[in-house]
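Asker: Before I ask anything, let me first share the structure, which is written out below as structure tokens.
The values are calculated or read from the model by the stated rules, or taken from the named source; none is laboratory data. Computed from a predicted structure; not experimentally measured. Glycine also receives a Cβ, built like all others from the backbone with ideal geometry; neighbour counts cover every protein chain displayed. Quick note on the areas: whole protein, heavy atoms, side chains included, nothing else; ligands and nucleic acids left out. Shrake-Rupley method; radii C 1.70, N 1.55, O 1.52, S 1.80 Å.
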Amino acid sequence: MRLALFDLDNTLLAGDSDHAWGEYLCQRGIVDPTQYKARNDAFYQDYLAGNLDVHAYQNFCQELLGRSEMAQLQQWHDEFMQDFIEPIVLSKGEALVRQHLEAGDKVVIITATNRFITGPIAARLGVDTLLATECEMRDGRYTGRLTDIPCFQEGKVQRIERWLAETEQTLEDAYFYSDSRNDLPLLQRVPHPVAVDPDPVLRDFATERGWQIISLR
């Protein structure tokens, strides 16, 4: 079965769900709107520049999960989906996912954003296989700590290779769609790398190598 791998943020979404979650928390007054926004914005700029400290960021963004009840988190996430995610779901992205599904391909979303944020988004997009940065859980609730290999940069390669071994699949004839320089390690591993509305570094890299460049905007 051919694989179609998709990054999520700024690929299937017209925005970044990780950063948007922080914006939601600030707008609702769930966190200190000044301090939290400043740190959230700074981490996002580091991400865009390709030098994010993923462990420091996950410690920052998962801390709230560890001190909140699951029912409260679910309520917040439902509001977040309606007010922040639905407006940025790209119809052309949905159509491309459907195209691969209808062709009989196995569609996988592989994202650096954590599973708490992205699980419902993947379900909304009709994708049942999600590789994401993982949130540790204990006794039915989040601990506020990262677990497993962060699904970021080279970590995406490690996570997909482990998943391939577990599912007895390969990257033969696989596609990977992404917007970000952070995904160059995995983009260089697949036969069909596709730059989607790419950042400047990825655009130059893709142009030099003759990769397909598309827009879903």
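Asker: Please report the antiparallel percentage of the DSSP beta bridges confined to the chain, to the nearest 5.
Answerer: Details: 5 of 22 bridges.
Percent antiparallel among DSSP bridges in the chain is about 25.
Asker: Let me have the 222 nm mean residue ellipticity of the chain computed from DSSP H runs of 4+ only, each contributing -39500 (n - 2.57), with the sum over all residues rounded to the nearest 500.
Answerer: Working: 9 runs with 100 residues, N = 217.
After summing the helix terms and dividing by residue count, I get -14000 deg cm²/dmol.
Asker: Same structure, new question: I'd like the accessible area for TYR47, computed on protein heavy atoms only with a 1.4 Å probe and all protein chains in place. Round to 10 Å², please.
Answerer: 30 Å²
Asker: Another question, if that's okay. Give the angle, between 0 and 90 degrees and rounded to the nearest 10, that separates the Cα long axis of helix 35-49 from the longest principal axis of the Cα atoms of the chain.
Answerer: The two axes meet at around 10 degrees.
Asker: From the protein chains alone at 1.4 Å, what is the descending order of accessible area for LYS37, LYS92, LYS156, largest first? Working shown, then result.
Answerer: Numbers: LYS37 80, LYS92 110, LYS156 5 Å².
Solvent-accessible surface, decreasing: LYS92, LYS37, LYS156.
Asker: While we're on this one: When each pair of different Cα atoms in region 95-217 is counted once in the 1/r mean, what is the Kirkwood radius in angstroms, to one decimal?
Answerer: Working: mean 1/r = 0.0646 Å⁻¹.
Roughly 15.5 Å, rounded to one decimal.
Asker: Report ³J(HN,Hα) in whole Hz for each residue of region 132-147, in order, from the Karplus equation J = 6.51 cos²θ - 1.76 cosθ + 1.60 where θ = phi - 60°; Gly and Pro get x.
Answerer: So the J values, rounded to whole Hz, are 9, 5, 9, 9, 5, 10, 8, 6, x, 8, 6, 8, x, 10, 6, 9.
Asker: For a quick check: with amide H placed at 1.01 Å from N, whose amide H comes under 5 Å from PHE6's, ignoring anything fewer than 5 positions away on the same chain?
Answerer: Under 5 Å from the amide H of PHE6: VAL108, ILE109, ILE110, TYR177.
Asker: Let me check I have the definition right: for the chain, take the eigenvalues of the Cα gyration tensor, multiply each by 5, take square roots. What are those semi-axes in whole Å, largest first?
Answerer: Numbers: eigenvalues 154, 70, 59 Å².
Value: 28, 19, 17 Å, ordered largest first.
Asker: May I ask for the angle, rounded to the nearest 10°, between helix 115-124 and the longest principal axis of the chain, with both axes built from Cα atoms and the value confined to 0 to 90°?
Answerer: 60 degrees
Asker: How far is helix 154-167 tilted off the main Cα axis of the chain, in degrees rounded to 10, range 0 to 90?
Answerer: The helix 154-167 is inclined about 70 degrees to the chain.
Asker: Here is a further query. What whole-number distance in Å separates the alpha-carbon centres of region 1-71 and region 93-122?
Answerer: Cα centres, region 1-71 to region 93-122: 18 Å.
Asker: Also: Could you give each residue of region 65-82 its phi-based ³J(HN,Hα) in whole Hz, using Karplus coefficients 6.51, -1.76, 1.60 with θ = phi - 60°, and x for Gly or Pro?
Answerer: 4, x, 10, 10, 6, 4, 5, 5, 4, 5, 4, 4, 5, 4, 5, 4, 4, 5
Asker: Below 8 Å, C-alpha to C-alpha, sequence gap of six or more: please give me the relative contact order for the chain in percent. Walk me through the intermediate numbers first.
Answerer: On the way: 343 pairs, mean separation 55.2, N = 217.
Here the relative contact order equals 25 percent.
Asker: Also, I was wondering about something else. Compute the accessible area per residue over region 89-210, keeping the other protein chains in place, probe 1.4 Å, unit Å². Walk me through the numbers before you get to the answer.
Answerer: Numbers: 5430 Å² over 122 residues.
In whole numbers, region 89-210 has 45 Å² accessible per residue.
Asker: Report in % the part of the accessible area of the chain that belongs to carbon and sulfur, leaving out ligands and nucleic acids; probe 1.4 Å. Walk me through the numbers before you get to the answer.
Answerer: Details: 4620 of 9850 Å².
Using a 1.4 Å probe with all protein chains present, the chain comes out at 47 percent carbon and sulfur.
Asker: Right, here's the next one. If we count every other residue with Cβ under 14 angstrom of LEU101's Cβ, Lys/Arg +1 and Asp/Glu -1, where does the sum land? If you can, show how the numbers build up before the last one.
Answerer: Working: positive: ARG2, ARG98, LYS106; negative: GLU94, GLU102, ASP105, ASP128.
Net local charge, LEU101 excluded: -1.
Asker: In addition: What GluC sites (Glu not before Pro) in region 104-210 are in a loop by DSSP, with at most 12 other Cβ atoms within 10 Å of the Cβ? Can you show the working numbers first?
Answerer: Details: sites: GLU134, GLU136, GLU154, GLU161, GLU166, GLU168, GLU172, GLU208; in loops: GLU168, GLU172.
Sparse-neighbourhood loop GluC sites (Glu not before Pro): GLU168, GLU172.
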